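What follows is one structure encoded as C-alpha cells, with my remarks underneath.
Computed from the coordinates by the stated procedures, all read-outs in this text should not be read as laboratory data. Note that this is a predicted model, so its numbers are computed, not measured. Reconstructed Cβ throughout: ideal geometry from the backbone, glycine too, with neighbour counts over all protein chains shown.
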Amino acid sequence: MYNVMIIDDEASARKLMKNSISWENFDMTVVGEAASGIEAINIIDDIKPDLAFVDISMPFMDGIEFSEIASKRYPDLIIVIMTAFDKFEYARKCVSLPIFEYMLKPMVRSEVNEVLGKVKTKLDERVTFYRYDNETESGQMSATDSVMKYIQENYTDSTLNLTSVAQAFGFSSSYLSRKFKTETGKGFAQYLTECRMENAMKLASPEAKMFAVSAKVGIPDPNYFGRCFKKYTGKSYSEYAATKAPSEKSEEDA
C-alpha cells in the first residue's frame, strides 16, 4: 500500500477528503494529516508518505514553502497542490518546484480519482524498477545495465526502439527514457545509434557496401545510415571504409 498525507488547515476539508475517496482502489491509505506546513514537516519523517495533498494557503508555512522543503528532503515524494481559484495562478507560477498536479478547491471526487490513477501509475513504475534493481543486485547488473546489454545484443533488429525495450522490461516508455538518461547521461536513441555506429565501423571495409553494412546494424535506410555515420565519425562511409585495410583473401581465392 502507498502512504498518503493530507495537509490542510481546515479540519473539515481533511475529513471530507479522507472519507470520500476509496483509497484502497488505488492501493493507497491515508496515514497522516497535518493542519500546517510546519506540523507536516515535523511528522513527515515518521509518516514517510509516498503522496502528499497540500493546501497552498496555510498559516505559518504555506503549501509552497512546505513543498520546497519536502521535495529537497524527499525527492521521490509526489506532491499535489490544492488551491482556491484566486490562488491558482500564483501556484502555477511556482514552476521550479516538482509539483505533480495542481487541483482547484473545492475538490471534485472524479478529478481526485483521475489524479490518483496517474499517481498510482507513476508509483507502480517506480516499484517495478526498484524491484528489478533489487533482484539483480549481489554482483549482477542493475536494471539500466541490463537494458544497455539488451541493446548491445539486439541492435541489429531494425524494429528495436524505446517502446519495444520498455515493454520487454515491463516499464513505460516515458519512465525508461527518464531513468536511462539520468543514469547514463545519454538519451535512449543516442545510445542505440552509437551502438550501431560502433559496430558499423568494425564492419566497414573497401569491399563492404554501405547498404549491406547499414542493414547489418539494424538501419534499413542507407541514406539515413550515411547521415548517422558521418555525424558520428566525421567522415562519409566511403571515406572511412577507404582507410580500412582490405580483408585478406581466402586460400580458395589465392
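Below, the figures for the structure above:
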item: Helix 188-203 vs. the chain, principal-axis angle (Cα, 0 to 90°, nearest 10); result: 10
item: Net charge of neighbours whose Cβ lies under 14 Å from the Cβ of residue 15, counting Lys and Arg as +1 and Asp and Glu as -1; result: -3
item: Helix axis angle, 63-73 relative to the chain longest principal axis, alpha carbon, degrees; result: 50
item: Cα gyration tensor, segment 1-48 - rounded (a/c under 1.5), prolate or oblate; result: oblate
item: Restricting segment 1-93 to trypsin sites (Lys or Arg not before Pro) in coil, as DSSP defines it, with at most 13 other Cβ within 10 Å; result: 93
item: Convex hull of Cα atoms in the chain, direction-averaged projection (nm²); result: 19.5
item: Segment 143-246: GluC sites (Glu not before Pro) in DSSP loop, at most 14 other beta carbons within 10 Å; result: 207
item: Globularity ratio of segment 143-242, using Cα Rg and 2.2 N^0.38 Å; result: 1.12
item: Paired Rg and Dmax values of segment 151-193, which use every Cα atom, in angstrom; result: 9.8, 25
item: Order of 150, 224 under a 10 Å beta carbon neighbour criterion, fewest first; result: 224, 150
